[in-house]
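To keep things clear, I will list the structure first and then write my remarks on it.
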Amino acid sequence: MQDKCIVSEQAESGLMQNKYIVFDWDGTLHDTKYLYAEAVRIACDEFALMSSVDYAAITPDGLSQYLGLTPMAMWDDFAPNLEPSVKEKVSVRVGENMIRLIHDGYAKMYEEVPQMLDLLLDKGIKAIILSNCKIAYMEAIKAQFDLDRWFVDFYPSEKYNYASKSKILSDIMKERPGDYIMIGDRLQDVEAGRENGVLTIGCGYGFGNEAELSGADYIISSPMEIFSFLK
């Protein structure tokens, strides 16, 4: 485990050229579970899946375990008996519903996130989003929250044929040489950081469990701790 002074040295005096923080989105910056549960419920109603899915599990807490996974990984576990073609259609509809709900104001960043991002921006740190999401979803959240003011780039995994976060992070690091920190709430985020040799921070307030985050270098309990940690 890396010593905290390493990160402190990287953050000294605002000299942050080529210093990057790669953020997951859902469960790290965005409290997605209410938006996601509503989008899934609507899609299941639209496709009349009452006999194929467990409606009792379509709740914000019941579905939160799937946030951060690719769409097909979610449906393979949540409704394994559905035909693959149906899973694909329902997944597309969930994405469409989420975008509509985002425009209707359902999307909510965690309370401390805007202030934390402002502080990182003032410090000169370059922020990137790497998310297991669809391109249209990423575009919707960018517009809803004006994310271009904080982030230098966005990497939705659909754009890379749902390659692993580890592979996409490797490509990001080749495109933008520098020092990196990976921050996220799921196992894929921890693996991406560790497999690319960068310091990894796990978000204990997100949707992953303790076991998923056990390999992170550090675990934080609120978004503002990201900035406090760098100080």
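Amide H to amide H, with H built 1.01 Å from N, His30 comes under 5 Å of Tyr110, counting only residues 5 or more places away or on other chains. Charges at C-beta only: +1 for Lys and Arg, -1 for Asp and Glu. How large is the resulting dipole of region 148-225 about its Cα centre, in Debye rounded to 20? Dipole about the Cα centre, nearest 20: 200 debye.
Residues whose amide H comes within less than 5 Å of that of Cys133, counting only those at least five positions distant or on another chain, are Ser157, Glu158 (H built at 1.01 Å from N in the peptide plane).
Roughly what % of DSSP beta bridges within the chain run antiparallel, to the nearest 5? Show your work: numbers first, answer last.
Details: 1 of 23 bridges.
Taking every DSSP beta bridge within the chain, about 5 percent pair in antiparallel fashion.
Any chance you could give the angle, 0 to 90 degrees and rounded to 10, that helix 135-145 forms with the longest Cα principal axis of the chain? Rounded to the nearest ten degrees, it is 60. Helix 84-103 axis versus longest C-alpha principal axis of the chain: approximately 60°, rounded to the nearest ten.
The phi-based Karplus calculation (6.51 cos²θ - 1.76 cosθ + 1.60; θ = phi - 60°) puts the 3J(HN,Hα) values of region 209-219 at 9, 4, 5, 4, 8, 4, x, 6, 5, 9, 10 Hz, whole numbers, x for Gly and Pro. Between the C-alpha center of region 73-129 and that of region 174-208 there is a gap of 18 Å.
Rounded to the nearest 20, the size of the Cβ-charge dipole of the chain about its Cα centre is 440 debye, with Lys and Arg at +1 and Asp and Glu at -1. Between Ile219 and Gly202, the built amide H atoms are under 5 Å apart, and every one of these is 5 or more places off in sequence or on another chain.
Bridgeable lysines around Lys165 (alpha carbons under 25 Å apart, same-chain partners fewer than 8 residues away excluded): Lys4, Lys19, Lys33, Lys87, Lys89, Lys108, Lys126, Lys134, Lys142, Lys174.
Compared with the dominant Cα axis of the chain, that is its longest principal axis, helix 113-123 is turned about 30°. Working note: Karplus 6.51/-1.76/1.60 with θ = phi - 60° gives region 164-173 the couplings 5, 4, 4, 5, 5, 4, 4, 5, 4, 5 Hz, where Gly and Pro are set to x.
Every number here is computed from the coordinates shown, using simple stated rules; none is lab data. Quick caveat: nothing in here was measured; it's all calculated off a predicted structure. Here the Cβ is made from the backbone with ideal geometry for all residues, glycine too, and neighbour counts use every protein chain on show.
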